[in-house]
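In what follows, a single structure is set out as structure tokens and then discussed.
The values are calculated or read from the model by the stated rules, or taken from the named source; none is laboratory data. For clarity, every value in this text was computed on a predicted model and none was experimentally measured. Quick reminder, even Gly has a Cβ in these numbers, built from the backbone with ideal geometry, and neighbours come from all protein chains shown. Calculation scope for accessible area: heavy atoms of the full protein, side chains included, ligands and nucleic acids excluded. Shrake-Rupley method; radii C 1.70, N 1.55, O 1.52, S 1.80 Å.
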Amino acid sequence: MLGRSRFQGRIAVVTGAGAGLGAATARRLGAEGAILVLVDIDAERSKTTAAELQRIGAKAIAVQADVSDPAGVEQIKEAASSFGGADILVNNAARATDGDLLALSTQAIAQDIAVTLTGPVLCAQALLPGMIAKRSGVICNIGSVNALAYFGNEAYSAAKAGLVSFTRSLAARYGPLGIRSNMVAPGTMRTGIWSQRLENDPTVLDRLSRWYPLGRIGEPEDVVGAIAFLCSDEASWISGAMLVVDGGLTSGYPQMAADISGNNS
Ligand SMILES: NC(=O)c1ccc[n+]([C@@H]2O[C@H](COP(=O)([O-])OP(=O)(O)OC[C@H]3O[C@@H](n4cnc5c(N)ncnc54)[C@H](O)[C@@H]3O)[C@@H](O)[C@H]2O)c1
């Protein structure tokens, strides 16, 4: 049943809510009282998350929409309006095509950027007027360590870096109207986004653990607390911030330090 209620009665739109971090975020916000608009391009997935939330007594509706498609974004806006307008937007849906940049089709590149960057811009544009009317609203953009350093997926990473700028622009432009905008930047989490790579190499996630100072990759549940915090009133004076949640990955380069000290055995 419902636990703490930091989000009692608040309307939260979560994109990419049918799996991974989006589903985990929806579960957390729903368990704390939020009314959820669960957006996913895959209708079955968002319906599954909605059913899960309804079982714990939370109110949730599933919306099938592509965040990079203006018509889909209009549907998201209508769904949020039917509840009274969004109080919280978690821009979580993203897309990354694996492969050498030089071999990627222009279509794949355009889609990665459209879903990862244009989608959050369109969703914010659609939901901000309702938030401004209430003089209150929170946007949490899901970034990535890929916005900060090179870990592959060049087009996706560039889109995530663009999202850092967008997060800060929203904070500066709409702060005076009662809107907060922040980013959570996760490191590797065990989600479906890795399924193709796991098919190619079942050990890939285990091998990555050695790069993480805390000795393991993350689970979505390692990241949702940061998202919920930034969406809550506990963060009422935090805006334009990026909270990196990455098991220490981007805090330094121990392998390089070992090279410097000659202690790399
Ligand atoms: N998993 C990781 O290692 C990792 C690391 C850093 C950042 N992230 C970020 O975390 C967020 C969530 O990723 P995840 O790992 O949970 O992914 P995931 O693949 O498990 O889930 C993503 C969900 O988004 C949906 N989706 C995809 N395209 C969409 C679109 N155009 N419109 C609406 N929904 C769409 C998918 O159907 C899926 O249900 C993303 O922003 C991702 O970039 C993930």
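Looking at the range 165-181, can you tell me whether even one residue there is within 16 Å of the ligand (Cβ to nearest atom), aliphatic (A, V, I, L, M) and either crowded, with 20+ Cβ neighbours inside 10 Å or modelled with pLDDT of 95 or more (or both)?
Within the range 165-181, not a single residue is within 16 Å of the ligand (Cβ to nearest atom), aliphatic (A, V, I, L, M) and either crowded, with 20+ Cβ neighbours inside 10 Å or modelled with pLDDT of 95 or more (or both).
Considering only the range 210-230, state which residues are at pLDDT 95 or above, assigned to a helix (DSSP H, G or I) and either out of contact with any helix residue (DSSP H, G or I) (no Cβ under 8 Å at 6 or more places or on another chain) or β-branched (Val, Ile, Thr) (or both).
222, 223, 224, 226, 227, 230
Restricting attention to the range 97-119, which residues are in contact (Cβ under 8 Å) with a residue 60 or more places away in the chain and open to solvent by less than 10 Å² (accessible area, probe 1.4 Å)?
Selection gives 119 alone.
Sort through 240, 192, 162, 187 and tell me the only one that's in contact with a helix residue (DSSP H, G or I) (Cβ under 6 Å, 6 or more places away or on another chain), at pLDDT below 95, under 27 Å from residue 19 (Cα atoms) and small (Gly, Ala, Ser).
Testing whether each residue is in contact with a helix residue (DSSP H, G or I) (Cβ under 6 Å, 6 or more places away or on another chain), at pLDDT below 95, under 27 Å from residue 19 (Cα atoms) and small (Gly, Ala, Ser) leaves just 192.
With the checklist (1) under 30 Å from residue 102 (Cβ atoms); (2) open to solvent by 20 Å² or more (accessible area, probe 1.4 Å) in hand, flag the one item residue 222 doesn't pass.
(1)
Considering only residues that are assigned to a helix (DSSP H, G or I) and among the hydroxyl-bearing types (Ser, Thr, Tyr), look in the range 195-209 and name the one that is modelled with the lowest pLDDT.
Here the answer is 195.
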